[in-house]
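In what follows, a structure is listed as structure tokens, so that the remarks can point back to it.
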Amino acid sequence: MNPPFPHRLAGLRAASRAMLDAVPEHDLTRQSHAELSPLLWHVGHVFFVEHYWLAECVFGDHDITDHWRTLYFPELCAKGERSARLPGPDAMRDWTRAVAARSDAYWAATPEMDHALLNDGYLEAFLRQHYAQHLETMRLACDQLALGHTTRPAATALAPASPECTTTHVPAHTATIGTDDVAAYDNEKPAFETHVAAFDIADHPVTNAQWLGLMEAGGYHRPELWDPAGWAWREAAGVTHPQHWRPAGGHGWHVPGDGEDAIADAPVHGIGWYEARAFARYAGARLPTEIEWEAARRADCLRGLHRVWEWCADAFHPYPGFTAFPYEAYSQSWFDGDHFVARGGSRHTEPDVLRPGFRNFYPPAHRHVRAGLRLAF
């Protein structure tokens, strides 16, 4: 017997639809960043994907999905082409309600349906997390839209700080990494045991004040701190500060707050993996491996979590015994050596993916993803 209609999914649907009210209507179809789709596309995409997996893959109903697949399957429609093909906001509201009603009827029929995707609530967990991840991406798009509207900002009171930090010692031990829980993605499976050598890890992520210390020490202009590929990227892109920092009035920087800590003490973000590696060298430290990060997380050694994603040293890779699911390319396409792991979660992350073993991953130059770093020694 399969579970009844998942009420958390209903809440995530409502939160996704509410994003249509998050920005002015003319911004809903704007592409706020080259790596982000318009907000309106994300809203349609999450309702489409729920219906695709449930109605088409489980029940064989192609009626809605055949019409919309060339817009809402990302591989069939480039980001820059999506705005022109989207319906208006009111039409999107009506369409999502109609699609949700069709999906509801299929959810009601699942208790008597025998299908591998429904076993142990797998499909509900998969779709719940899909909504959750796109909600985070929509919030990132809102951040980028807000940056585009920033004009002549006032300087933030911010003094540079040293990279010194308090740390916790994690002794050598055998750690269980990953999970076999049904909700976990294929790249988190199977759980395995591995030896973790002793290391020290910072109690908190690197702060804005500490990042300003790097900048004032000339860190963006010291090639010895950078990987060769990172230095080549920095030179070509002309990067000299985090993505969302803005020069203010000829002196100082405007750094938006996050509503929790004083700006100086808030975790820095708006930095890519290349920049994180450069800061670690400047600090006489390194990035933790993702196994170290997860071992420390499971041992309750990390404070200041869920404010920013935290870059790890590793390229995204399969665990021993990896099996692709629910389709071949879901994770496997990204095991290319060009995507690097970020762990933990940000203030934009839904609780559905805030588990210790969840693995996020991005190219090393992505700076819009609300990622920072925590030092290891």
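The values are calculated or read from the model by the stated rules, or taken from the named source; none is laboratory data. Treat the numbers as computed from the prediction; the structure is a model and nothing was measured. When we count neighbours, we look across all protein chains shown, and the Cβ atoms used for this are built from the backbone with ideal geometry, even at glycine. The accessibility values were calculated without ligands, DNA or RNA, using every heavy atom of the protein model including side chains. Shrake-Rupley method; radii C 1.70, N 1.55, O 1.52, S 1.80 Å.
Before moving on, here are some points about what is shown:
Conditions (1) assigned by the TED database to the domain that holds Thr29; (2) touching a residue at least 12 places away in the same chain (Cβ under 8 Å); (3) part of a loop (DSSP other than H, G, I, E, B); (4) of a type in the set (D, E, K, R), marked per residue:
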position	(1), (2), (3), (4)
Asp61	yes, yes, yes, yes
Trp68	yes, yes, no, no
Glu75	yes, no, no, yes
Ser83	yes, yes, no, no
Asp90	yes, no, no, yes
Ala101	yes, no, no, no
Asp114	yes, no, yes, yes
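- The residue pairs whose first member lies in the range 314-342 and is free of Cβ contacts under 8 Å to residues at least 24 places away in the same chain and at negative phi, whose second member is surrounded by 12 or more Cβ atoms within 10 Å (Cβ to Cβ) and not in a loop (DSSP other than H, G, I, E, B), and whose beta carbons are closer than 9 Å, counting only pairs six or more residues apart or on different chains, are His317/Asn187; His317/Val341; Gln332/Asp186; Gln332/Asn187; Phe335/Asn187; Phe335/Ala315; Asp336/Ala315.
- The lone exception for His241 - which of (1) under 26 Å from the mean Cα position of the chain (by Cα); (2) touching a residue at least 40 places away in the same chain (Cβ under 8 Å); (3) surrounded by 15 or more Cβ atoms within 10 Å (Cβ to Cβ) it fails: (2)
- Taking the range 193-209 as the range and being in a loop (DSSP other than H, G, I, E, B) and closer than 16 Å to Val170 by Cβ as the test, the residues that pass are Ala197, Ala198, Asp203, His204.
- Candidates Trp226, Trp231, Trp253, filtered to the one that is open to solvent by less than 30 Å² (accessible area, probe 1.4 Å) and not charged (D, E, K, R): Trp226
- Condition broken by Ser331, with the remaining ones in (1) under 15 Å from the mean Cα position of the chain (by Cα); (2) open to solvent by less than 50 Å² (accessible area, probe 1.4 Å); (3) closer than 29 Å to Gly219 by Cβ satisfied: (3)
- Of all residues in the range 25-43, one or more are loosely packed, with under 15 Cβ neighbours inside 10 Å and more than 15 Å from Thr137 (Cα to Cα).
- Residue within the range 131-141 that is hydrophobic (A, V, I, L, M, F, W, C) and more than 17 Å from Arg13 (Cβ to Cβ) present: yes
- Only one of Leu20, Leu12, Leu54 that is touching a helix residue (DSSP H, G or I) at 6+ places or on another chain (Cβ under 6 Å), in contact (Cβ under 8 Å) with a residue 60 or more places away in the chain and more than 29 Å from Asp143 (Cα to Cα): Leu54
- Within the range 274-304, the only residue that satisfies the criterion of being open to solvent by 20 Å² or more (accessible area, probe 1.4 Å), within 21 Å of Phe316 (Cβ to Cβ) and of a type in the set (Phe, Trp, Tyr) is Tyr274.
- Note on the range 70-127: residues that are closer than 23 Å to Leu36 by Cβ and among the basic types (Lys, Arg) amount to 4.
- Of all the listed residues (Ala202, Ala155), the sole one being in contact with a strand residue (DSSP E or B) (Cβ under 7 Å, 6 or more places away or on another chain), of a type in the set (Gly, Ala, Ser) and open to solvent by 30 Å² or more (accessible area, probe 1.4 Å) is Ala155.
- Test: residue in the range 166-178 that is assigned by the TED database to the domain that holds Arg281, surrounded by fewer than 13 Cβ atoms within 10 Å (Cβ to Cβ) and under 30 Å from Asp120 (Cα atoms): yes
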